[in-house]
1. Can you pull out every residue in region 242-285 that is under 14 Å from LEU194 (Cα atoms), aliphatic (A, V, I, L, M) and touching a Ser or Thr at 6+ places or on another chain (Cβ under 9 Å)?
2. Being within 17 Å of the chain's Cα centre (by Cα), over 30 Å from ILE325 (Cβ atoms), without any contact (Cβ under 8 Å) to a residue 24 or more places away in the chain and open to solvent by less than 60 Å² (accessible area, probe 1.4 Å) is true for just one of ILE140, ILE163. Which residue is that?
3. Kindly provide the set of residues from region 123-158 that are touching a Lys or Arg at 6+ places or on another chain (Cβ under 9 Å) and under 26 Å from ASP260 (Cβ atoms), ordered by number.
4. Among all residue pairs at least 6 apart or on different chains, which show Cβ distances below 6 Å where the first residue, located in region 72-99, is in contact (Cβ under 8 Å) with a residue 40 or more places away in the chain and the second is among the polar types (S, T, N, Q) and open to solvent by less than 80 Å² (accessible area, probe 1.4 Å)?
5. Determine whether region 185-192 contains at least one residue that is under 18 Å from LEU286 (Cβ atoms), charged (D, E, K, R) and at pLDDT below 90.
6. Here are ALA180, ALA148: which of them is of a type in the set (A, V, I, L, M, F, W, C) and either under 25 Å from ALA279 (Cα atoms) or out of contact with any helix residue (DSSP H, G or I) (no Cβ under 6 Å at 6 or more places or on another chain) (or both)?
7. Which number in (1) modelled with pLDDT of 95 or more; (2) buried (at least 22 other Cβ atoms within 10 Å of the Cβ) marks the one condition that GLY49 misses?
8. Scan the helices (runs of 4 or more DSSP H) fully inside region 277-330 and keep the ones with 3 or more residues being modelled with pLDDT under 90, open to solvent by 70 Å² or more (accessible area, probe 1.4 Å) and touching a helix residue (DSSP H, G or I) at 6+ places or on another chain (Cβ under 9 Å).
Amino acid sequence: MHIYIIMLIISLVFAFVSEKKQKKCIKITFEILSIIPFIIVSAIRFDVGTDYLYRYASDFETIRLGGNVHNIEILFKIIIKICIFLFNDYESLFIVTTLIIIPIIMHIIFKYSKKPTLSIFIFFSGCYFFHSLNAIRQYIAISLILLAYKNVLYNSYKRFILIAIIAFFIHYTSIVCIIALFLRKRIIVNPVVLITLVSITLIFSNQISNFFDFCISKTYYNVYVNSSYNVGDLNNSAFILNFIVYIIFYAVYKKYKLIDDKKIAFFINMQGIAILLIAMGAVMSLANRISFYFSILQIISIPYVMYYVEINKNNVLEKKLLMCIIIILYSTNLIYNNVINNVDEVLPYKTIFNKYNS
């Protein structure tokens with residue numbers, strides 16, 4: 001785990017310096033320096049992530065030898081063929097996909113976050129970075145959808161739909177993000193609605209499970225049906241974390257009377273959808289993965305909500321308490337998932353330079 005911690009510290013130091021600089025060229029330089037540690041650690045990894053050899057390296061070799069992999073989307077297949085044409089080595093696939101995922105997410109952080117250092121911490125300790133080492137196809141789609149969300153807030157629907165279409169042909173699950181178009185003006189997923197929907201999901205779990213199994217059986221993801229993958233299990237740590245974040249958002253919204261702020265309404269709605277999907281994970285394992293399309297907005301939404309607390313100089317204690325809660329919450333999440341349980345199998349960390357010695 002030490003390599004990841006070193007990566008995070010170096011990135012945070014450069015990001016902190018960039019926040020303090022006013023001159024644009026210096027600011028951009030330190031932003032780039034902040035991105036590099038994440039790129040290096042991700043790009044040169046070997047057999048890090050559950051699907052590294054089992055899925056991605058295997059699919060690469062199948063296509064390289066003239067075979068066909070039916071259950072991957074067309075644009076990702078094109079990325080594989082480009083890597084075959086240019087490098088003819090499956091390790092290049094992980095370098096190329098890293099150079100898509102990390103720069104896009106970091107660009108969003110530095111361009112749209114009220115506090116990039118906090119965003120980077122959440123990206124890391126929220127396990128999103130570690131998920132990206134495993135669910136590569138989905139995280140290309142997630143990074144694109146994250147880029148597209150700003151278009152929803154600024155009514156650029158055509159751009160959102162265009163980016164969403166590209167994401168769809170990378171990973172079909174991204175189609176669910178179309179719902180974002182209906183969540184931008186006012187709070188729809190309020191606490192009463194959220195608790196009601198979560199309760200319905202848990203009470204009618206069998207019926208919901210049968211319905212989604214039928215739907216999934218008609219898609220590329222039918223491997224999840226009637227297999228060891230389709231084990232419904234409520235991710236308690238994710239549910240608790242996301243629910244606490246939702247409560248923080250709603251409390252700040254009510255306290256500061258932010259009824260006219262469309263951004264915070266959007267963030268609350270998206271956070272609510274993430275919780276609902278995590279609850280649905282109790283009956284459909286794929287729902288947990290789909291929830292990342294919504295919960296990853298935390299890298300932008302948490303600093304945005306914190307901003308309202310910080311600008312009120314009479315709330316110094318509240319600001320410190322809230323920051324402590326977030327740091328403890330996300331640090332605990334990281335330790336529980338990626339240190340104790342090694343979710344996504346990112347430990348031990350190995351590189352392409354020592355793969356034959358592992």
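1. Those that are under 14 Å from LEU194 (Cα atoms), aliphatic (A, V, I, L, M) and touching a Ser or Thr at 6+ places or on another chain (Cβ under 9 Å): VAL245, ILE268, MET270, ILE273, ALA274, ILE275, LEU276, LEU277, ILE278, ALA279, MET280.
2. On the way: ILE140 fails: without any contact (Cβ under 8 Å) to a residue 24 or more places away in the chain.
Sole residue among the options that is within 17 Å of the chain's Cα centre (by Cα), over 30 Å from ILE325 (Cβ atoms), without any contact (Cβ under 8 Å) to a residue 24 or more places away in the chain and open to solvent by less than 60 Å² (accessible area, probe 1.4 Å): ILE163.
3. Selection gives ALA148, LYS150, ASN151, VAL152, LEU153, ASN155, SER156.
4. Final answer for the pair search is THR98/SER42.
5. For region 185-192, residues under 18 Å from LEU286 (Cβ atoms), charged (D, E, K, R) and at pLDDT below 90: absent.
6. On the way: ALA148 fails: either under 25 Å from ALA279 (Cα atoms) or out of contact with any helix residue (DSSP H, G or I) (no Cβ under 6 Å at 6 or more places or on another chain) (or both).
Just a single option satisfies the conditions, and that option is ALA180.
7. (1)
8. Values: elements: 285-290, 292-295, 298-310.
It comes to none.
The values are calculated or read from the model by the stated rules, or taken from the named source; none is laboratory data. The structure displayed is predicted, hence computed values, not measured ones. Reconstructed Cβ throughout: ideal geometry from the backbone, glycine too, with neighbour counts over all protein chains shown. Just the protein is used for accessible areas: all its heavy atoms, side chains included, with ligands, DNA and RNA removed. Shrake-Rupley method; radii C 1.70, N 1.55, O 1.52, S 1.80 Å.
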